[in-house]
1. For residue 44, indicate whether it is part of a strand (DSSP E or B), small (Gly, Ala, Ser), at negative phi and surrounded by fewer than 17 Cβ atoms within 10 Å (Cβ to Cβ).
2. Restricting attention to the range 77-86, does a residue exist that is of a type in the set (Ser, Thr, Tyr) and under 30 Å from residue 8 (Cα atoms)?
3. Output the residues belonging to the range 1-41 that are over 25 Å from residue 90 (Cα atoms), part of a helix (DSSP H, G or I) and either in contact with a Leu (Cβ under 9 Å, 6 or more places away or on another chain) or among the polar types (S, T, N, Q) (or both).
4. Give the residue, chosen from 65, 10, 14, 41, that is touching a residue at least 12 places away in the same chain (Cβ under 8 Å) and not aromatic (Phe, Trp, Tyr).
Amino acid sequence: MKGGMQGMLKQVQKMQDEMQKVQSRLGELTVSEEAGGGMIKATSNGNKEIISIEIDPQVINPSEKEILEDLVVAAVNKALQSASKLAEDEMSKVTKGMLPPGLNLPGF
């Protein structure tokens, strides 16, 4: 039993080390999403930080400011959702078989 517990502890430590590596790497991975038929593009990294927003000059019309704002919000929300999925997928590669199904890790 003692050898089994030590083996499990080593396995948990290895998983923790791998999770830290993945978390570090998430800042380098990016996802991009669009709204308004590609007129607005938001890019996020795996840490769920928006790193860029691109706006097609055609949609910059002062009289339609609210539409532009809505499109930016939509693109940003899509990018953040994709970043969450990216982080979840990357972490699940490390925890595969180690955690019970449905157990979510904090922050993911």
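Nothing in this text is a laboratory measurement; each read-out follows from the coordinates by a stated rule. Quick caveat, the model's predicted, so the values are computed rather than measured. Here the Cβ is made from the backbone with ideal geometry for all residues, glycine too, and neighbour counts use every protein chain on show.
1. no
2. Taking the range 77-86 as the starting set, the residues that turn out to be of a type in the set (Ser, Thr, Tyr) are 82, 84.
If we keep only those that are under 30 Å from residue 8 (Cα atoms) as well, we get 84.
There is at least one residue in the range 77-86 that is of a type in the set (Ser, Thr, Tyr) and under 30 Å from residue 8 (Cα atoms).
3. So in the range 1-41, the residues over 25 Å from residue 90 (Cα atoms) come out as 1-6, 35-40.
Remaining after also requiring part of a helix (DSSP H, G or I): 2-6.
Listed by number, the list holds a single entry, 6.
4. Working: 65 fails: touching a residue at least 12 places away in the same chain (Cβ under 8 Å); 10 fails: touching a residue at least 12 places away in the same chain (Cβ under 8 Å); 14 fails: touching a residue at least 12 places away in the same chain (Cβ under 8 Å).
The conditions single out 41.
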